[in-house]
Amino acid sequence: MSVDWVGFGYAALVASGGIIGYVKAGSVPSLAAGLVFGGLAGLGAYQISQNPKNVWVSLAASGTLAGVMGMRFFNSGKFMPAGLIAGASLLMVGRIGVKMLQKPHDP
């Protein structure tokens, strides 16, 4: 059983982004969204670590963030934080998609 370090790193990035948004701008919605989605991404990484086929929570969290933050980046043109989170989320969606297409390995 391998640990999904990339997934946990992504979860930490999302959660820390919410915390930084709160510290810099006093944005409670950023804090709440960062902690909720960071927690969901962390739960997804834990589930993938336990069973590599259990990708649905991670896929939902990263897919939702890719869409929402992608639209914010498109509308504002600002890379930080919307572009960074949208890009990282797109990479996670792609990574999960590749995992879903791979054939399982027998131990």
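The values are calculated or read from the model by the stated rules, or taken from the named source; none is laboratory data. On a predicted model such as this, the values are computed, not experimentally measured, just so you know. Don't worry about glycine lacking a Cβ; one is built from the backbone with ideal geometry, like all the others, and counts go over all protein chains shown.
Results, tabulated for the structure shown:
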| read-out | value |
| --- | --- |
| Enumeration of residues in the range 41-62 that are under 14 Å from VAL93 (Cα atoms) and hydrophobic (A, V, I, L, M, F, W, C) | ALA41, ALA45, ILE48, VAL55, TRP56, VAL57, LEU59, ALA60, ALA61 |
| Among residues of the range 1-56, those that are polar (S, T, N, Q) and farther than 23 Å from MET100 by Cβ, counted | 3 |
| Selection from the range 62-78 of residues that are free of Cβ contacts under 8 Å to residues at least 40 places away in the same chain and in contact with a Phe, Trp or Tyr (Cβ under 8 Å, 6 or more places away or on another chain) | THR64, PHE73 |
| Of the criteria (1) buried (at least 19 other Cβ atoms within 10 Å of the Cβ); (2) in contact (Cβ under 8 Å) with a residue 60 or more places away in the chain; (3) not acidic (Asp, Glu), which one ILE20 fails | (1) |
| Test: residue in the range 64-84 that is part of a helix (DSSP H, G or I), modelled with pLDDT under 90, surrounded by 17 or more Cβ atoms within 10 Å (Cβ to Cβ) and not β-branched (Val, Ile, Thr) | yes |
| Matching residues in the range 24-61 - criterion: being polar (S, T, N, Q) and not in a loop (DSSP other than H, G, I, E, B) | SER30, GLN47, SER49, GLN50, SER58 |
